[in-house]
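Trainee: Below is a structure I'd like to ask you about.
The values are calculated or read from the model by the stated rules, or taken from the named source; none is laboratory data. Since we're looking at a predicted model, the values are computed, not measured. Backbone-built Cβ (ideal geometry, glycine too); neighbour counts: all protein chains shown. Just the protein is used for accessible areas: all its heavy atoms, side chains included, with ligands, DNA and RNA removed. Shrake-Rupley method; radii C 1.70, N 1.55, O 1.52, S 1.80 Å.
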Amino acid sequence: MLKKRISVSKKRQITIPIEFYNRLGIEKEVECYLQNDAIVIRPVRESTGEFDEQILADLISQGLSGSELLEKFKEMRRKVRPAIERLLNEAHLAAAGKTRFFTYEDVFGEGNE
């Protein structure tokens, strides 16, 4: 495990060691969160289209095409990241025994529009 000790400035700022920065491919932003009394910092990765094919296949199967297909695709794609973030948050809470049961519809908002 790569480990470094770094100082914290009076303004609560830290400098990410270059080895970490390069190895993780950090670009413009990082996200940080608390996990088990530790601060986890990781690069923000924009959606690389993991769900694009599934979204398009579903919308086409609904008979959408042209500009209607494009608009609905954009709408559905915008929902992917927030849904994943909610799932991850719920997984962390569930692992800690601090959550109630959620259904697919609760997480993705199906039928709530």
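Trainee: What's the total number of residues in the stretch 11-29 that are farther than 15 Å from R45 by Cβ and among the aliphatic types (A, V, I, L, M)?
Mentor: Looking only at that region, the number is 3.
Trainee: Any chance the stretch 28-51 includes a residue that's in a helix (DSSP H, G or I) and touching a residue at least 12 places away in the same chain (Cβ under 8 Å)?
Mentor: Looking through the stretch 28-51, none of the residues is in a helix (DSSP H, G or I) and touching a residue at least 12 places away in the same chain (Cβ under 8 Å).
Trainee: Within the stretch 82-104, track down each residue that is open to solvent by 90 Å² or more (accessible area, probe 1.4 Å), aromatic (F, W, Y) and part of a loop (DSSP other than H, G, I, E, B).
Mentor: If the condition is that a residue be open to solvent by 90 Å² or more (accessible area, probe 1.4 Å), aromatic (F, W, Y) and part of a loop (DSSP other than H, G, I, E, B), then F101 is the only one that fits.
Trainee: So is K79 modelled with pLDDT under 90, over 30 Å from K4 (Cβ atoms) and surrounded by 10 or more Cβ atoms within 10 Å (Cβ to Cβ) or not? So that I can check it myself, show each step before the final result.
Mentor: Values: modelled with pLDDT under 90: yes; over 30 Å from K4 (Cβ atoms): yes; surrounded by 10 or more Cβ atoms within 10 Å (Cβ to Cβ): yes.
Yes: the conditions hold for K79.
Trainee: I'm trying to understand the selection: among the residues of the stretch 83-112, which are modelled with pLDDT of 75 or more and touching a Phe, Trp or Tyr at 6+ places or on another chain (Cβ under 8 Å)?
Mentor: A83, E90
Trainee: Now for a different question. Test I41 against the criterion of being more than 18 Å from the chain's Cα centre (by Cα) and either under 23 Å from P82 (Cα atoms) or aliphatic (A, V, I, L, M) (or both), and give yes or no. Show your work before the answer.
Mentor: Working: more than 18 Å from the chain's Cα centre (by Cα): no; either under 23 Å from P82 (Cα atoms) or aliphatic (A, V, I, L, M) (or both): yes.
In short, no.
Trainee: Right, here's the next one. Please go through the stretch 5-26 and pick out each residue that is part of a loop (DSSP other than H, G, I, E, B), surrounded by fewer than 13 Cβ atoms within 10 Å (Cβ to Cβ) and not hydroxyl-bearing (S, T, Y).
Mentor: R5, I6, V8, K10, K11, R12, Q13, I14, G25
Trainee: Which of the numbered conditions does S67 fail, given that it passes all the others? Conditions: (1) in contact with a helix residue (DSSP H, G or I) (Cβ under 9 Å, 6 or more places away or on another chain); (2) farther than 30 Å from A96 by Cα.
Mentor: Condition not satisfied by S67: (1).
Trainee: Name the residues in the stretch 27-50 that are over 28 Å from L93 (Cα atoms) and surrounded by 10 or more Cβ atoms within 10 Å (Cβ to Cβ), would you?
Mentor: E27
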